[in-house]
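Novice: Structure incoming, see below.
Please treat every number below as a calculation from the coordinates, not as lab data. Note that this is a predicted model, so its numbers are computed, not measured. Here the Cβ positions follow ideal geometry from the backbone for every residue, glycine too, while neighbour counts run over all protein chains shown.
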Ligand SMILES: C[S@@+](CC[C@H](N)C(=O)[O-])C[C@H]1O[C@@H](n2cnc3c(N)ncnc32)[C@H](O)[C@@H]1O
């Protein structure tokens, strides 16, 4: 296996948001290569602690090795942040960071199947013990449902045309390889004047669907708020507008002092205390220095909430 390397994004901004202190207890729900985790452990020395998880076993292994210098101060497990509240005591943590999406090794290692730039199996699982792969999803999902996935999770405007082409293709041969899918998309949805490759949005959408990223995010946000102490903060870095919408909707809902059904009828609101507040009204984006040093940070957006 090649070396695991992921360059963390918005690290200074995450530290400024979570304000780590000596003796504090922090959670990294997407430990990846351990960059944010190391920064939190360093800033909370000598006795701050960190609980972490990642769905990807390779990340857990790499982070464990990277954090060796902090031995005794961290506990990292394989698993989704959606289950944080099943192993971390409610109300016990000072800060939680979630850095959503995929790591550089997931994108760069062809055998993981996340990228159309090199050929690999259509896998895309973050957790290799999960059964559903991208190839299985493409085999067992009808064209209408595929089109919905490409549109909702990728914003792909040619979603129907691409879904129908996939349906035709799989009648003659199974779709098993990343380049096979990318070439099919190139044929039915040429690049035209677009800057990005025509397969970009479909690959993103498939990845979100295979890993049920939206479902995990919704459950993970609830779990993160549960494990925080009052005054504890949650920083979430997202890379796609659909994720940012979920995040914004979650923060707005929990910062209101009432519950409401949809549509929101003022007379039917049920009053309750607000659960959190936005620690920063505005979304945090990378500065010019980070953008020039790490082009993959260009779509990163960080939002910060504080539990009341
Ligand atoms: C952008 S990387 C995180 C990088 C990390 N912050 C660092 O500094 O190295 C995203 C990581 O989140 C993991 N991930 C995505 N969804 C997850 C979930 N629901 N639960 C746990 N880990 C998840 C991915 O496997 C990947 O390793």
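Novice: Note the full-extension length gain between residue 43 and residue 222 as 0.36 nm times their separation in residues minus their Cα-Cα distance, in nm to one decimal. Display every interim value, and only then the final one.
Specialist: Details: separation 179, 0.36 × 179 = 64.44 nm, distance 2.61 nm.
Length difference between fully extended and current span is 61.8 nm.
Novice: Can you pull the three principal axis extents for the Cα set of segment 186-282, in Å, largest first?
Specialist: Extents along the principal axes: 55, 32, 27 Å.
Novice: Next question, about the same structure. Taking each pair of different alpha-carbon atoms in the chain once, compute 1/r for the pair, average those values, and report the inverse of that mean as the Kirkwood hydrodynamic radius in Å to one decimal. Before the final figure, lay out each step's value.
Specialist: Numbers: mean 1/r = 0.0487 Å⁻¹.
Across the chain, the inverse of the average 1/r is 20.5 Å.
Novice: While we're on this one: Over the alpha carbons of segment 99-193, what is the largest minus smallest coordinate on each principal axis, giving the biggest first in Å?
Specialist: Reported extents, whole Å, longest axis first: 32, 31, 24.
Novice: Provide 153, 258, 26 in ascending order of the number of other Cβ atoms located within 10 Å of each residue's Cβ, fewest first.
Specialist: 258, 153, 26
Novice: Follow-up. Enumerate the whole-percent occupancy of each 5 Å bin, from 0 to the last occupied one, for all C-alpha pair distances of segment 234-305.
Specialist: Binned Cα distances yield the sequence 3, 15, 21, 18, 14, 12, 7, 4, 4, 1, 0.
Novice: Also, I was wondering about something else. Over segment 1-129, what per residue volume does the convex hull of the Cα atoms give, in whole Å³? Let's see the in-between values first.
Specialist: Values: hull volume 13.6 nm³, N = 129.
Given the Cα convex hull of segment 1-129, per-residue volume reads 105 Å³.
Novice: Counting C-alpha atoms alone, how compact is segment 149-190: give Rg to one decimal and Dmax as a whole number, in angstrom.
Specialist: For segment 149-190, the Cα-based Rg and Dmax read 10.1, 28 Å.
Novice: Considering only DSSP beta bridges whose two residues both sit in the chain, what percent are antiparallel, to the nearest 5? Kindly include the intermediate steps, with their values, before the conclusion.
Specialist: On the way: 13 of 31 bridges.
Within the chain, antiparallel bridges account for around 40 percent of the total.
Novice: Work out how much length residue 277 to residue 69 would gain on full extension: take 0.36 nm times their residue separation and subtract the Cα-Cα distance, in nm to one decimal. Write out the running numbers ahead of the final one.
Specialist: Numbers: separation 208, 0.36 × 208 = 74.88 nm, distance 3.52 nm.
Taking residue 277 through residue 69 to full extension adds about 71.4 nm, to one decimal.
Novice: Helix 241-254 versus the longest principal axis of the chain: what is the Cα-based angle in degrees, 0 to 90, to the nearest 10?
Specialist: Result, in degrees: 30.
Novice: Among 59-70, 262-273, what's the highest-first ranking by average C-beta atoms within 10 angstrom per residue?
Specialist: Working: 59-70: 17.3, 262-273: 8.3.
Top of the packing list down: 59-70, 262-273.
Novice: From the Cα trace of segment 10-63, what convex hull volume per residue do you get, rounded to a whole Å³?
Specialist: Numbers: hull volume 3.6 nm³, N = 54.
Per residue, the Cα convex hull of segment 10-63 comes to 66 Å³.
Novice: How large is the convex hull of the C-alpha atoms of segment 126-260 per residue, in Å³?
Specialist: 145
Novice: Something else now. Compute the long axis of helix 200-210 from its Cα atoms, compare it with the longest principal axis of the Cα atoms of the chain, and write down the angle in degrees, 0 to 90, nearest 10.
Specialist: The angle comes out near 60 degrees.
Novice: Just rank 114, 5, fewest to most, by other beta-carbon atoms within 10 angstrom.
Specialist: Values: 114 26, 5 12.
Listed from fewest to most nearby Cβ atoms, that is 5, 114.
Novice: How long is the gain from residue 118 to residue 256 if the chain were fully straight, where each residue apart is worth 0.36 nm and the alpha carbon distance is subtracted? Write down the numbers at each step before the final one.
Specialist: Values: separation 138, 0.36 × 138 = 49.68 nm, distance 4.66 nm.
Full extension of this stretch gives 45.0 nm more.
Novice: Cα axis of helix 57-66 to longest principal axis of the chain: angle in degrees, 0 to 90, nearest 10?
Specialist: Between the helix axis and the principal axis of the chain, the angle is about 40 degrees.
Novice: Also: Hey, fewest Cβ within 10 Å first, where do 196, 241, 189 land in order? Before the final figure, lay out each step's value.
Specialist: Numbers: 196 8, 241 11, 189 20.
Ranking 196, 241, 189 by Cβ neighbours within 10 Å, fewest first, gives 196, 241, 189.
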